[in-house]
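One structure below.
Laboratory data are not the source of any read-out in this text; all were calculated from the coordinates shown. Note that the structure is predicted; figures quoted are calculated from it, not measured. Backbone-built Cβ (ideal geometry, glycine too); neighbour counts: all protein chains shown.
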Amino acid sequence: MRRVIAAVLAIVLAALGIVLVLRYAQNADQRALEGMETRRVFVATGPIAEGTPAAELDGLTEARQIPEAYLVDGVVTDLDDLEGEVALADVPEGEQLSTARFATPDEIRGRDDFELPEEAQDLHQITVPLGTARSLGGDIAAGDRVGVFMSFEAEFQQGLYVDANGEVRWLEDLPEEAGSDTSEDGGTDSLRLDLTQLAIEKVLVTRVQGGYVPAPPAAPAGGEGDDEAAAVEEEDAGPEDELLVTLALSGSDAERLVYAMEFGTVWLSYEPETAQEDGPDVKVVQLPELVGDVLQ
């Protein structure tokens, strides 16, 4: 009987010991914080992937009291401070959120740390000089996708015309019912053809020189000299008058771009991957009424 009682007591004491150990462990964090100044900061409760918008952090983080001595630089105390920003890199579970790990899309574009994706590594990379107005006002950076517009002015030799099928013919082949304007020497005035086309779509920008520069940080309050310095800094932060824009293109598209730069004009438009693609659209603003697509 004594052995049974001893065994029961041993079990009770062991269970009590386990309870006490668990309670001690549960209160360990609280005891560690006693006598230390803490701050309420946000910590990742699960892995946060690179590119995650700050608007999605509510379900991936929680507020915890962390001793001041263990806070990271730029620790986040309010998720509203990250409004409009995205994660620059993966944030592992348990890590404190830091403002240094987040940035706005415009700040990311201005970092100049673009890595060429694998699908573009076998393409031609061709650089073209473009004025600020022709390259999105200078607000263009590596990683952007752009549409390439090409414009031409084609002048036809006297004695030539373009028929309704888009074929170039000599004046003597012109049907009598079509009529023609003739000059005093029996020839015809030269015909000019103006056209513009969205020739290449969703082209990857791989490098920009002289282009997008993020706005400078706000200058601290000061005297008149500080205001002048801030004005000079803001002026210097703008794009240059001419940009060197490098695009990743196939061989045939690179040929078309070079031809347009040599014999026409080129404009770029911002065209993200989600933009709807348009069909060929050639606009003729002077005679003849119909021509073929000379860009193909």
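Work out the length of the dipole vector of region 35-103 about its Cα centre, built from +1 on the beta-carbon of each Lys and Arg and -1 on the beta-carbon of each Asp and Glu, and round it to the nearest 20 debye. Please list the in-between numbers first.
Details: 4 positive and 15 negative charges, 43 e Å.
Once rounded to the nearest 20, the dipole reads 200 debye.
Using the count of nearby Cβ atoms within 10 Å as a rough guide to exposure, how do Met1, Met150 rank from fewest to most? Don't jump to the answer; show the numbers that get you there.
Details: Met1 5, Met150 22.
Lowest count first: Met1, Met150.
Around Val245, under 13 Å between beta carbons, what's the net of Lys plus Arg minus Asp minus Glu among the other residues?
On the way: positive: Arg134, Arg145, Arg207; negative: Asp139, Asp144, Glu240, Glu242.
That sum, taken over residues with Cβ under 13 Å, equals -1.
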